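Reading through the structure tokens given below for one structure.
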Amino acid sequence: MGVSTTAYLVRKATQKERVQILYSQAIKGTLNWAVHCHLFYQDASKLREKFNTNKHVDVIDRMIAEGEQYNKWRRLDPYIVLWALGGSKFTRNTAQPF
């Protein structure tokens, strides 16, 4: 294996990691905007279609850089389940010690 082949494989591996991180962050962001399951599943399937249609694009670095700028669309007040840590019902009505 030559140096150029190794460099190419390393670059592809880092692209794959960046795309995976971008996809997981996008799914989490989608969950914050669509609280109901049926809305989330629709948005998640549309997002997955976008990722799959651009799977074999040659200009993947530019597309990854554009996608990583998702922070401007991030919800400032993310949805937290009521009884989860940070929710409004967390530790409410806890069991009393005897």
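Whether any residue in the range 20-36 is open to solvent by 90 Å² or more (accessible area, probe 1.4 Å), of a type outside the set (A, V, I, L, M), at pLDDT below 75 and more than 14 Å from the chain's Cα centre (by Cα) is what I want to check. No; the residues of the range 20-36 include none that is open to solvent by 90 Å² or more (accessible area, probe 1.4 Å), of a type outside the set (A, V, I, L, M), at pLDDT below 75 and more than 14 Å from the chain's Cα centre (by Cα).
Among the numbered conditions (1) of a type in the set (S, T, N, Q); (2) in a helix (DSSP H, G or I); (3) farther than 30 Å from ARG11 by Cβ, the only one that GLN25 does not meet is (3).
Taking the stated definitions as given, is HIS56 at pLDDT 80 or above and open to solvent by 70 Å² or more (accessible area, probe 1.4 Å)? Considered against the rule, which asks whether it is at pLDDT 80 or above and open to solvent by 70 Å² or more (accessible area, probe 1.4 Å), HIS56 comes out as no. Say we look at the range 64-81 and pick out the residues that are open to solvent by less than 60 Å² (accessible area, probe 1.4 Å) and in a helix (DSSP H, G or I); which of these is farthest from ARG11 (Cα to Cα)? Only one residue fits best here, namely TYR70.
The values are calculated or read from the model by the stated rules, or taken from the named source; none is laboratory data. These numbers come from a predicted model, not from an experiment. Cβ atoms come from the backbone with ideal geometry, glycine included; neighbour counts cover every protein chain shown. Surface accessibility is based on the protein's heavy atoms, side chains included, excluding ligands, DNA and RNA. Shrake-Rupley method; radii C 1.70, N 1.55, O 1.52, S 1.80 Å.
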